1. Round to the nearest 10 and give me the degree value, 0 to 90, for the angle of helix 128-144's Cα axis relative to the longest principal axis of the chain.
2. Above 28 angstrom, tally the Cα pairs of the chain and express them as a % of all pairs, no decimals.
3. Helix 41-57: angle to the longest alpha-carbon principal axis of the chain, degrees 0 to 90, nearest 10?
4. Rounded to the nearest 500 deg cm²/dmol, what is the calculated helix-only ellipticity per residue at 222 nm for the chain, with -39500 (n - 2.57) per DSSP H run of length n ≥ 4?
5. Summing +1 for each Lys or Arg and -1 for each Asp or Glu, what net charge is found among the other residues whose Cβ lies under 13 Å from the Cβ of Glu25?
6. Keeping all protein chains in place, calculate the accessible area per residue for region 108-198 (probe 1.4 angstrom), answer in Å².
7. Give me the angle, in degrees from 0 to 90, between the Cα long axis of helix 28-37 and the longest principal axis of the Cα atoms of the chain, rounded to the nearest 10.
8. When only DSSP loop residues count, what trypsin sites (Lys or Arg not before Pro) in region 139-193 have their Cβ near at most 15 other Cβ atoms within 10 Å?
Amino acid sequence: MPLVFIKPVAGKGLLGLWKMTEKPEDFPLLDHQASASFKSVSRRLEYICVRLLLAEMLPSASAVIDHRASGEPFIADGPHLSISHTKGYCSILLSDERRCGVDIEYISPRVSNVADHFLRPDEKARDVEHQLVYWTVKEAVYKYFSADDLQFQQILVLPFQLERQGTLLAENMKTHEQATVFYTLTDAYALSYTFGPL
């Protein structure tokens, strides 16, 4: 079943995860809309599955995803929204009360090739899974602090003990605000989300 879960999180919002097993042509109407924007089959599938997941998360609403000039997604007159997708999965985080940020990445050693790009010298990741948690945490924090246009080196993840599920703190080095970040690590993906300071 494509819908993995929809669950309340941190008392602040709703987190959804969809396993993208469909093909765009399984949904002719949504595929037609996606085809106008994306020629890539994988991008069309992401477009479709994000909208399927949102419809499951907000079944009584006809929410339409729009984008700001910066590319940040939003729902007019709706909850705060953050979206992420990776090979095989898409995730949405909604919050009525506060901004939010979510990121998901599939487990792959490719992250080691770019670790120097997102890890600071004072951050130590001992293996691929640890690196993926850092990466997803920084992406989620970047989305939460989108107005600050942060670089990865301007996000400091405070030391933490890697677990399958955990909570950690990350700091916006421009403003020195801290965000509480929740993460999950499975055999298939790393997923992190934040509502900022708790």
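The values are calculated or read from the model by the stated rules, or taken from the named source; none is laboratory data. The structure displayed is predicted, hence computed values, not measured ones. Neighbour counts run over all protein chains shown; Cβ positions are idealised from the backbone, glycine included. Just so you know, the surface numbers come from the protein's heavy atoms only, side chains and all, with ligands and any DNA or RNA stripped out. Shrake-Rupley method; radii C 1.70, N 1.55, O 1.52, S 1.80 Å.
1. 70 degrees
2. The answer is 25 percent, as a whole percent.
3. 90 degrees
4. Taking each H run of at least 4 residues, the total per residue is -8500 deg cm²/dmol.
5. So the surrounding residues net to -1.
6. Per residue, region 108-198 has 47 Å² of solvent-accessible surface.
7. On a 0 to 90 degree scale, this one is about 60.
8. For trypsin sites (Lys or Arg not before Pro) across region 139-193 that sit outside H, G, I, E and B with at most 15 neighbouring Cβ atoms in 10 Å, the list reads Arg164, Lys174.
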